[in-house]
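The values are calculated or read from the model by the stated rules, or taken from the named source; none is laboratory data. These figures come from a predicted structure and were not determined experimentally. Virtual Cβ from ideal backbone geometry, glycine too; neighbours counted across all protein chains shown.
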Amino acid sequence: MITFTLNGKIREFAGDPTTPVLWYLRDEVQLTGPKFGCGMGQCGACTIHLNGVAQRSCILPIAAISGSKITTIEGLSDDGEHAVQQAWIEHKVPQCGFCQCGQMMQAASLLASNPTPSDDEIVQSMSGNICRCGTYPRIHKAIKSASKVMASVGYYVPEKTGEEA
Amino acid sequence: MSKYFDLTRRNFLKSSAAVGALVLGTCFAGAAPRMMAGVLTKPSESSKEANLFVALRPDGIVEITCHRSEMGQQIRTAIAQIVADEMEASWDKVVVIQAKGDLKYGDQNTDGSRSIRYNMQRLREMGASVRHMMRQAAATRWNVSLDECSAEQHIVTHSSGKTLTYAELVSDALNITPPETDKIPLKKRSEWRYINTAMAHIDLKDIVTGKATFAADVLEPNAHIAMIIRPPVVGGKVKSFDAKAAKAIDGVIDVIEIPAPKGAPVFQPKGGIAIVAKNTWAAMKGRRALSITWDDGKNGDYNSEAFKASLLATVATPQKSVREIGDAVNTLAKANDKLVADYYAPHLAQAPMEPPCATAMYYKDRVDVWAATQNPQADMETVGSMVGMAKEKINVHVTLLGGGFGRKSKPDFSAEAAYISMKTGHAIRVQWTREDDIQHAFYHAVSAQHIEASFDKNGAIDAYLHRTAFSPLASTFIQDTTRPLSAELRLGFTDNPINTPNMKLENGAAPAKTRVGWMRSVSNVFHAFAIQSFIAEAAHKAGRDQKDYLLETIGPDRIVDVTEEKADYDNYGGDKAVYPLDISRLRHVIEKAAEMSGWGRKLPKGRGLGIAAHRSFLTYVATVVEVEVSNSGDLKIIKSWASIDAGTVVNTDTVKNQVQGGSIYGLTAAISEGITFDKGRVQQSNFHDYRVPRMSDCPLEIEVEVVQSDAAPAGVGEPPTPVYAPALCNAIFAACGKRIRQLPIGDQLRT
Ligand code: FES
Ligand code: FES
């Protein structure tokens, strides 16, 4: 039995411990915010937070999250209030939107550890997340906006926010 | 499935028409859509029913039907903007209903950048009819003349000041006959409040909160997951397979063979072996445990390097003429100074972020499908023939698409899901992996081109010969054909805008040894690459500024009619009186992009600016790219600028986002290694070896100017793409003197 916290709630999993967290989230608990884009850690569509830090859930076996806290986009905020989500709306970042949950989770993790990243630090942190619609210039701008907000209100602490979706 | 069923029309009918909503639609009388003269108080689901586009419910909520697929181009928002604007609906009362596949909507193929072009007029008329009927209903209720009643934001106001809301007028309007199309007063442009603005798209909030429903998010708790191993070679099939180990895996339910397709590929599944499992992880494990031997068939010899050599050999010799002005061949034969260049571009995979996915449930008398499809009517057709049912019996629900780019116009994945559901009697979700997507796409054609030109004493092109050869998309529909249709050649080849007294355009035959399909902008991508690179090469040869030379090469402002030279050219199906090839518009976007970029400014060593311009899908785009190339050959794109003239546009911010994204999509052609084949097998498999642009490859700023134009609406999704690779390569030349004629750039800058 693997026990962990998902979006603020204690959960247990008794199935195959090699199951990637992505498929646990999508198939078992119907949290479909994390997306399947490549299955090998190449695209970031499946990004979630493991103890507040961005992780690719498609290559993270569920056994590895025992005793940990994980957060999905559904738990990032109650209703899109997180500074990153607000900045995404302000800059009208998404096109198809498929990559964007992963992009936002990556950006939120970056800003949690580095609230005022430089242009290059943003590029470095975000280059593992692919957007085939090509919204990179807007993602970059939105992160700069969110950075301003987050720098003024303090760090985002994932386990304090969010209800299960 | 509650999460998804909210989007279906069944719900729309129940929640609206059944309780006395005003429902309006258009129907098609021949090619020209006309307003349906009649209000449907009791819409049925029979095929004679009008196309439901707008329903005004008694509570005042307006339900607008979107019959095109949403894949990031914000068509759902655009359709709502158009209808709501003309009907003077209050935006917070607008709900968009996603249409199922149904022939009654007319064309639903969301491809070819034509959703707005095909529909703007009839959607405006629809909205205006409702506004008119609201005024009429109020006038009747008040017993005053229509002229004294005006409608604004869901309220009709009489000149005396009294008001009635749309909700209060719904039941009255049910008794009013809608006006004839030509009697409906449409708004003046100056009166538009939603059209031609940058309003936020309606799905934005759902997307940023993770609630948006893509194909794999359709919640069907009973669905089994299927994953399929398909023949690695097109035309190949299963020789034998051993399912024992796969079946032993916990969670694997069944192993099913999918029959090999017959005849031309069309959109048929490739066949192969499906693993059916309780969940995705079990399906993935099962698939690894399966062992299959293949019969490769006649394409087992496909090798990209050999094919490239054969294409280049084809364009080295005279080929079939497509368009001819004057006598290019003799002029070139006599010239003592020519510029000759060969260009090559590999296959590409569309690689939408969301891999293909569909859920299907087979019943005795129908199949329900939920799919990320660009063309639900093609799903009806393809699924129908896969399971032996009439297409009318296939209910195709369209989810949001996580990108399409042409891949999802081919619903092989829906047919797979339906077939497995038929065989298992269970709801099935077919989930493609990225490897499946990269290795079983309908690929962008591989191409080779040969261009030669001679010059007059001023350095202007006085004869131009251009040969193109590429694996034709036509082969997907006509078995073994080696010739493209004119509809492929017209994509940036036949409609070459160069102003020269002697021009010859030729096309060489080429087989397709894989499945070829549409990819964003299709053959415009490689044709614009060659033409716009060549013009820059000619500018350099003449010692001229690239932008000035480009402007001179397209010649004076005029309308070019390529059909005058007996070329087979359909102008994207657009009336040439409405959508002429207008050089003044091409010139304008070139000048604008150049001006935005500060063209001509002094640049530090290692930097360069490049420009390219192209008309496609009836829209004009010019792009300038600024790059830096280091001594060791590292390429960095500093910034780019684009000007787009798509005629009338519905959402200015969407257009900007499409130009930014379309530019980056175009960058794929330059930096991706492309798709290569050996022994008929695709050699790439996932994003580690099929490179697509990442943030680190892209400029952080792509400045876009949307030309404000009253011209008829043209395409937006595709036209920004073709110009990017040539503008980039022209910039690279300006920066370091290295000319890229073969894509991808690869390590050509390092030598
Ligand atoms: S799906 Fe996990 S990184 Fe791509
Ligand atoms: S918005 Fe479509 S993949 Fe990023």
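Does B:Thr382 satisfy being more than 16 Å from ligand 2 (Cβ to nearest atom), outside any helix (DSSP H, G or I) and away from chain A (no Cβ under 14 Å)?
Values: more than 16 Å from ligand 2 (Cβ to nearest atom): yes; outside any helix (DSSP H, G or I): no; away from chain A (no Cβ under 14 Å): yes.
For B:Thr382, the condition - more than 16 Å from ligand 2 (Cβ to nearest atom), outside any helix (DSSP H, G or I) and away from chain A (no Cβ under 14 Å) - is not met.
From the list B:Ala351, B:Ala390, which one is out of contact with any Pro (no Cβ under 9 Å at 6 or more places or on another chain), within 16 Å of ligand 2 (Cβ to nearest atom) and not polar (S, T, N, Q)? First the steps, then the outcome.
Numbers: B:Ala390 fails: within 16 Å of ligand 2 (Cβ to nearest atom).
On inspection, the qualifying residue turns out to be B:Ala351.
Are any residues in segment B:385-412 on the phi < 0 side of the Ramachandran plot and either of a type in the set (Ser, Thr, Tyr) or within 14 Å of chain A (Cβ to nearest Cβ) (or both), and if so, which ones? Before you say what the answer is, go through the steps one by one.
Kept after step one, since they are on the phi < 0 side of the Ramachandran plot, are these residues of segment B:385-412: B:385-387, B:389-402, B:404, B:407-412.
Of everything in segment B:385-412, those that are on the phi < 0 side of the Ramachandran plot and either of a type in the set (Ser, Thr, Tyr) or within 14 Å of chain A (Cβ to nearest Cβ) (or both) turn out to be B:Ser385, B:Val398, B:Thr399, B:Leu400, B:Leu401, B:Gly402, B:Gly404, B:Arg407, B:Lys408, B:Ser409.
Restricting attention to segment B:212-228, which residues are surrounded by fewer than 19 Cβ atoms within 10 Å (Cβ to Cβ) and either more than 7 Å from every other protein chain (Cβ to nearest Cβ) or small (Gly, Ala, Ser) (or both)? Quick ask: steps written out before the conclusion?
Taking segment B:212-228 and keeping what is surrounded by fewer than 19 Cβ atoms within 10 Å (Cβ to Cβ), we get B:219-222.
Within segment B:212-228, B:Glu220, B:Pro221, B:Asn222 meet the criteria.
Would you check which residues across segment A:55-71 are within 13 Å of ligand 1 (Cβ to nearest atom) and either in contact (Cβ under 8 Å) with a residue 60 or more places away in the chain or crowded, with 22+ Cβ neighbours inside 10 Å (or both) and list them?
Those that are within 13 Å of ligand 1 (Cβ to nearest atom) and either in contact (Cβ under 8 Å) with a residue 60 or more places away in the chain or crowded, with 22+ Cβ neighbours inside 10 Å (or both): A:Gln55, A:Arg56, A:Ser57, A:Cys58.
Restricting to segment A:1-21, name every residue that is over 17 Å from A:Arg56 (Cβ atoms) and either hydroxyl-bearing (Ser, Thr, Tyr) or assigned to a loop (DSSP other than H, G, I, E, B) (or both).
Matches in segment A:1-21: A:Met1, A:Thr3, A:Thr5, A:Asn7, A:Gly8, A:Ala14, A:Gly15, A:Asp16, A:Pro17.
Of everything in segment B:705-731, what is of a type in the set (A, V, I, L, M, F, W, C) and buried (at least 24 other Cβ atoms within 10 Å of the Cβ)? Give them in sequence order.
First, the residues of segment B:705-731 that are of a type in the set (A, V, I, L, M, F, W, C): B:706-707, B:711-712, B:714, B:716, B:723, B:725, B:727-729, B:731.
The answer is B:Ala714, B:Val716, B:Val723, B:Ala725, B:Ala727, B:Leu728, B:Cys729, B:Ala731.
Which of the residues spanning segment B:356-379 are closer than 21 Å to B:Gln439 by Cα and part of a loop (DSSP other than H, G, I, E, B)?
Hits for segment B:356-379 are B:Pro356, B:Ala372, B:Thr373, B:Gln374.
Test A:Lys69 against the criterion of being of a type in the set (D, E, K, R), touching a His at 6+ places or on another chain (Cβ under 9 Å) and more than 9 Å from every other protein chain (Cβ to nearest Cβ), and give yes or no.
Numbers: of a type in the set (D, E, K, R): yes; touching a His at 6+ places or on another chain (Cβ under 9 Å): yes; more than 9 Å from every other protein chain (Cβ to nearest Cβ): yes.
Judged against the criteria, A:Lys69 is a match.
Could you tell me which of the residues A:Gly52, A:Gly33, A:Gly44 is within 14 Å of the chain's Cα centre (by Cα), within 16 Å of ligand 2 (Cβ to nearest atom) and at positive phi?
Step by step, each of A:Gly52, A:Gly33, A:Gly44 is checked, and only A:Gly44 is within 14 Å of the chain's Cα centre (by Cα), within 16 Å of ligand 2 (Cβ to nearest atom) and at positive phi.
Looking at B:Ala306, B:Ala333, which is the one that is closer than 24 Å to B:His540 by Cα and in a helix (DSSP H, G or I)? I'd like the intermediate steps shown before the answer.
Values: B:Ala306 fails: closer than 24 Å to B:His540 by Cα.
Selected residue: B:Ala333, the only one of B:Ala306, B:Ala333 that is closer than 24 Å to B:His540 by Cα and in a helix (DSSP H, G or I).
Is it the case that A:Arg138 is assigned to a helix (DSSP H, G or I), more than 16 Å from ligand 2 (Cβ to nearest atom) and either at pLDDT 95 or above or in the same structural domain as A:Arg11 (by TED's automatic domain parsing) (or both)?
Working: assigned to a helix (DSSP H, G or I): yes; more than 16 Å from ligand 2 (Cβ to nearest atom): no; either at pLDDT 95 or above or in the same structural domain as A:Arg11 (by TED's automatic domain parsing) (or both): yes.
Against the criterion (assigned to a helix (DSSP H, G or I), more than 16 Å from ligand 2 (Cβ to nearest atom) and either at pLDDT 95 or above or in the same structural domain as A:Arg11 (by TED's automatic domain parsing) (or both)), A:Arg138 does not qualify.
Show me the helices (runs of 4 or more DSSP H) entirely contained within segment B:460-565 in which 1 or more residues are over 23 Å from B:Gly404 (Cα atoms) and modelled with pLDDT of 95 or more. So that I can check it myself, show each step before the final result.
Details: elements: B:486-489, B:524-541, B:546-554.
The helices (runs of 4 or more DSSP H) meeting that bar are B:524-541, B:546-554.
Determine whether segment A:1-21 contains at least one residue that is more than 10 Å from ligand 1 (Cβ to nearest atom), buried (at least 17 other Cβ atoms within 10 Å of the Cβ) and within 24 Å of A:Tyr136 (Cβ to Cβ).
no
Hey, any hits in segment A:92-103 for a residue that's among the small types (Gly, Ala, Ser), facing chain B (nearest Cβ under 9 Å) and touching a Ser or Thr at 6+ places or on another chain (Cβ under 9 Å)? I'd like the intermediate steps shown before the answer.
From segment A:92-103, those among the small types (Gly, Ala, Ser) are A:97, A:102; that's our starting set.
Filter once more, keeping what is facing chain B (nearest Cβ under 9 Å): A:97.
Restricting the remaining residues to those that are touching a Ser or Thr at 6+ places or on another chain (Cβ under 9 Å) gives none.
No: segment A:92-103 contains no residue that is among the small types (Gly, Ala, Ser), facing chain B (nearest Cβ under 9 Å) and touching a Ser or Thr at 6+ places or on another chain (Cβ under 9 Å).
Test B:Arg117 against the stated conditions and say whether it is part of a helix (DSSP H, G or I), buried (at least 21 other Cβ atoms within 10 Å of the Cβ), charged (D, E, K, R) and in contact with a Leu (Cβ under 9 Å, 6 or more places away or on another chain).
Details: part of a helix (DSSP H, G or I): yes; buried (at least 21 other Cβ atoms within 10 Å of the Cβ): yes; charged (D, E, K, R): yes; in contact with a Leu (Cβ under 9 Å, 6 or more places away or on another chain): yes.
Taking the combined requirement at face value, the residue satisfies it.
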